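**Student:** Here's a structure for you.
Every number here is computed from the coordinates shown, using simple stated rules; none is lab data. If you're wondering where the values come from, they're calculated on a predicted model, not measured in any experiment. Every residue, glycine as well, gets a Cβ built from its backbone with ideal geometry; the counts of neighbours run over all protein chains shown.
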Amino acid sequence: MENFENRKYIIGAVIVLLFSIYIIKLFSIQVLSSEYKNSANNNSQRHVTEYPARGLIYDRNGKLLVYNEAAYDLMVIPKQLEEFDTLELSKILELDIEQIRKNIYKAKHYSYYKPSTLVKQISNITYAKLQEVLYKYSGFFVQARTIRMYPEGTAAHVLGYIGEVNDRITKKDKYYSSGDYIGISGIEKSYEKELRGKKGKKIFLVDVHNRIQGSFKDGKYDTLAVSGNNLYSTIDADIQAYGELLMKNKIGSIVAIEPSTGEILAFISSPTYNPNMLVGRKRGKNYRKLSIDSLNPLFNRAIAAKYPPGSTFKLVQALIALQAGLITPNTGFVCNKNLVGCHNHPSANTVQEAVKMSCNPYFYQVYRKIIEQHVDKSIYKDARFGLKFWDRYAHSFGLGEQLKIDIPGIKSGNIPDVNFYDKWYGKNRWAFTYIASNSIGQGEVTVVPMQMANLAATIANKGYYFTPHVIKKIGESDKPRDEYTFFHKTLIEKKWFDVIIPGMYDVVNSAGGTARRARVDGINVCGKTGTVQNPHGKDHSGFIAFAPMENPKIAIAVYVENSGFGGTWAAPIASLIIEKYLTDTIKNKYKEQRILDADFIHKKKKIRKITKPIVVKTDTITKKDSLK
């Protein structure tokens with residue numbers, strides 16, 4: 001009897017326990033858990049993201065560079081899928097059945113409840129066909145979007161492009177969901193937050209056939225999308241297009257800056273591509289085509305191609321030595337070709353003459369005075385002191401460091417310091433003769449074209465520069481980001497710029513100057529050539545300039561790879577850009593046609609016959625002059 005009583009209590013306890021578990025489970029499902037509620041909601045509701053219109057982009061004169069065009073994405077919610085006619089859908093979408101299945105599998109892997117993009121950017125015609133039959137496809141709906149369009153078809157490396165976000169981005173930034181688009185390069189990337197706007201949301205009630213029956217609770221929980229800010233760039237669309245035309249069949253870059261503001265007027269990297277190629281459903285195919293092109297049109301040479309500056313760097317050497325009192329405006333040096341090779345010209349008796357003739361031995365001696373200041377009996381310790389001194393002054397020009405421009409991807413170039421040479425040769429084991437190639441802008445000094453355009457602007461301003469930038473204002477504001485409204489001063493006093501600028505004028509306008517092809521009637525152009533050694537082939541042609549001399553409106557740097565002397569190719573290209581910008585016309589049609597006909601990509605030069613001989617003296621640096 002006693003065992004029976006105990007068994008009764010045990011059975012009762014088990015029944016109570018099971019009942020309690022059942023009650024707790026029901027409470028959890030019905031009250032605590034949102035799974036079934038979400039499932040029910042997802043079957044009866046459709047959450048549609050309202051994508052904002054991305055901000056438009058204009059040039060400095062109000063010309064439209066980027067706008068939006070309507071497009072549609074076919075979306076799928078895997079949880080709501082039922083059997084459907086894959087053959088019919090594949091015909092409408094012009095897509096393989098296997099690809100549809102693959103895309104659905106990806107959507108399921110992402111989320112059963114959240115919508116995923118099945119097919120991106122379908123045409124208006126396809127969209128119309130889908131609307132007629134979409135009621136038969138449970139779980140499918142169309143999402144309105146926009147795609148970017150580029151009416152000018154230029155400035156690809158400035159404007160950049162947008163692309164679909166990846167998992168890394170969606171995990172890092174909760175604003176983005178799978179299928180969203182984001183700026184990948186150029187302005188589109190650096191001004192992504194300003195351009196993208198703010199998403200909205202609409203909740204619709206749908207029937208069992210996935211047809212919209214109206215707004216959920218009369219739109220109580222809907223939010224409006226907020227359009228992105230329009231951007232007003234500093235680029236002159238006409239000059240940009242003209243520069244790209246001049247650089248056709250050439251490898252290199254052009255950067256033009258307004259010295260008084262730091263606004264970038266033209267930004268050309270060549271070869272380039274039409275930015276419309278990276279839009280729509282053909283984007284992936286075109287991107288692969290561009291990425292395997294041996295000429296690398298996706299590479300932004302204006303900010304990422306590193307070159308020795310060549311003879312353009314002699315201007316910096318002269319300014320540092322003048323500031324330090326190591327030379328005077330009337331210092332002369334013999335053109336001693338035993339020190340370093342040079343072309344034939346008289347010895348320079350002043351800094352102005354040395355700049356005009358681009359005398360290599362002269363600037364060899366100038367750099368030597370900077371490095372060997374005789375502060376220590378040891379030539380190695382003395383060189384360390386001199387290089388530290390030189391390095392500090394060179395950096396004040398924005399060289400050897402990344403300029404904080406608003407286009408991503410800029411490189412810093414290299415102004416070698418003592419640590420650099422200590423790693424190469426060992427501490428206290430190098431002196432001037434080891435680094436003498438730096439004197440003429442060769443050796444271990446490297447720059448990017450943007451830095452050289454900024455150097456031209458700095459000289460035009462006689463000692464200061466504004467950080468170069470491509471956005472003039474954001475939305476309805478009347479100024480760019482604050483960091484672009486303050487100027488940076490070099491360590492060089494204004495008076496020393498008045499010594500080298502006349503030399504730069506003579507480079508272009510006086511007999512014996514190395515850039516006579518850069519002359520423009522009625523405009524006082526000041527410039528400096530740079531023939532850049534290329535160990536892998538023909539030398540690169542480089543040139544920096546500004547104009548007019550009296551009140552500079554434009555500063556420019558031009559690089560043309562594998563084309564030879566700076567005065568032969570880069571200089572006339574720069575002069576054409578200057579003339580076009582300042583006068584909106586080109587008087588010397590022969591000069592223009594000569595540049596348009598030149599082809600350095602296909603290993604030939606199509607140049608019209610010269611009816612009248614033109615003799616041009618250029619600065620040359622032979623291969624033996626590297627001094628390594």
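**Student:** Quick one: which residues, 5 or more positions from K473 or on another chain, have an amide H under 5 Å from its amide H? H modelled 1.01 Å from N in the peptide plane, none for Pro or chain starts.
**Tutor:** Hits under the 5 Å cutoff: Y232.
**Student:** ³J(HN,Hα) across the range 173-188 via Karplus (A = 6.51, B = -1.76, C = 1.60, θ = phi - 60°), whole Hz, x for Gly/Pro?
**Tutor:** Working through the residues one at a time gives 10, 5, 5, 9, 10, 3, x, 6, 10, 8, x, 9, 8, x, 4, 4 Hz.
**Student:** Kindly work out what percent of the DSSP beta bridges joining two residues of the chain are antiparallel, to the nearest 5. Please report the intermediate quantities before stating the final value.
**Tutor:** Working: 67 of 70 bridges.
Percent antiparallel among DSSP bridges in the chain is about 95.
**Student:** How large is the translational diffusion coefficient of the range 134-213 in µm² per second when you combine the Kirkwood radius over alpha carbon pairs with Stokes-Einstein at 20 °C and 1.002 mPa s? Please report the intermediate quantities before stating the final value.
**Tutor:** Numbers: Rh = 15.3 Å.
The estimated diffusion coefficient comes to 140 µm²/s.
**Student:** Let me know the charge dipole size of the range 293-448 about its Cα centre in debye, to the nearest 20, where only the beta-carbon of Lys, Arg (+1) and Asp, Glu (-1) is charged.
**Tutor:** Roughly 260 debye, rounded to the nearest 20.
**Student:** Once you charge only the Cβ atoms, +1 for Lys and Arg and -1 for Asp and Glu, what is the size of the charge dipole of the range 415-574 about its Cα centre, to the nearest 20 debye? Walk me through the intermediate numbers first.
**Tutor:** Numbers: 17 positive and 14 negative charges, 16 e Å.
It comes to approximately 80 debye.
**Student:** Hydropathy first: keep DSSP H helices in the chain averaging at least -0.5 on Kyte-Doolittle, then drop any whose Cα extent along the axis falls short of 30 Å, and list what survives.
**Tutor:** 2-27
**Student:** Neighbour counts of other C-beta atoms within 10 Å: give me K591, K282 arranged from fewest to most. Mind dumping the intermediate values first?
**Tutor:** Numbers: K591 20, K282 13.
Neighbour counts put them in this order, fewest first: K282, K591.
**Student:** Just the number, please: Stokes-Einstein D of the chain in µm²/s, Kirkwood Rh from C-alpha pairs, 10 °C, 1.306 mPa s. All intermediate terms of the calculation are to be shown ahead of the outcome.
**Tutor:** Working: Rh = 28.4 Å.
The calculation lands on 56 µm²/s.
**Student:** At 222 nm, what helix-only mean residue ellipticity would the chain give, in deg cm²/dmol to the nearest 500, using -39500 (n - 2.57) for each DSSP H run of four or more? Write down the numbers at each step before the final one.
**Tutor:** On the way: 22 runs with 220 residues, N = 628.
Rounded to the nearest 500, it is -10500 deg cm²/dmol.
**Student:** Let's test the formula: R0 of 30 Å, r as the Cβ-Cβ distance of V133 and H47. What FRET efficiency results, to the nearest 0.05?
**Tutor:** Working: r = 23 Å, r/R0 = 0.76.
It comes out at approximately 0.85.
**Student:** Need one number for the range 407-467: average projected area of the convex hull over its C-alpha atoms, nm².
**Tutor:** Details: hull surface 22.3 nm².
Projected area, direction-averaged: 5.6 nm².
**Student:** Measuring from label point to label point, each 7 Å out along Cα→Cβ, what is the K102 to Y464 span in nm?
**Tutor:** Computed distance between label sites K102 and Y464 equals 5.9 nm.
**Student:** Go through the range 386-448 and name the trypsin sites (Lys or Arg not before Pro) that are in a DSSP coil and have 11 or fewer other Cβ atoms within 10 Å of their Cβ. Working shown, then result.
**Tutor:** Details: sites: K388, R392, K404, K411, K423, K427, R429; in loops: K404, K411, K427, R429.
Qualifying residues, ordered by number: R429.
**Student:** Let me ask another. Can you compute the modelled spin-label distance between A511 and N534, with each label point 7 Å from Cα toward Cβ, in nm?
**Tutor:** 3.4
**Student:** For a footprinting-style exposure proxy, rank S437, S347 by other Cβ within 10 Å, fewest first. Write down the numbers at each step before the final one.
**Tutor:** Details: S437 22, S347 15.
Exposure proxy ranking, most exposed first: S347, S437.
**Student:** Let me ask something additional. Under 5 Å between amide hydrogens, which residues at least 5 positions from I57 or on another chain qualify, with H placed 1.01 Å from N in the peptide plane?
**Tutor:** L65, V66, L231
**Student:** Quote the charge dipole size of the chain about the Cα centre in Debye, to the nearest 20; the model charges only the Cβ of Lys and Arg (+1) and of Asp and Glu (-1). Present the calculation step by step, with values, prior to reporting the outcome.
**Tutor:** Working: 89 positive and 60 negative charges, 241 e Å.
My answer is approximately 1160 debye.
**Student:** How do V445, V133 rank when sorted from fewest to most other Cβ atoms within 10 Å of their own Cβ?
**Tutor:** Working: V445 24, V133 14.
If I rank by nearby Cβ atoms, fewest first, I get V133, V445.
**Student:** Put a dot 7 Å past each Cα toward the Cβ at K404 and S378; how far apart are the dots in nm?
**Tutor:** For the pair S378/K404, the computed spacing is 3.8 nm.
**Student:** Counting other C-beta atoms within 10 Å, and keeping those with at most 14, which DSSP coil trypsin sites (Lys or Arg not before Pro) do you find in the range 510-559?
**Tutor:** Passing sites in the range 510-559 are K538.
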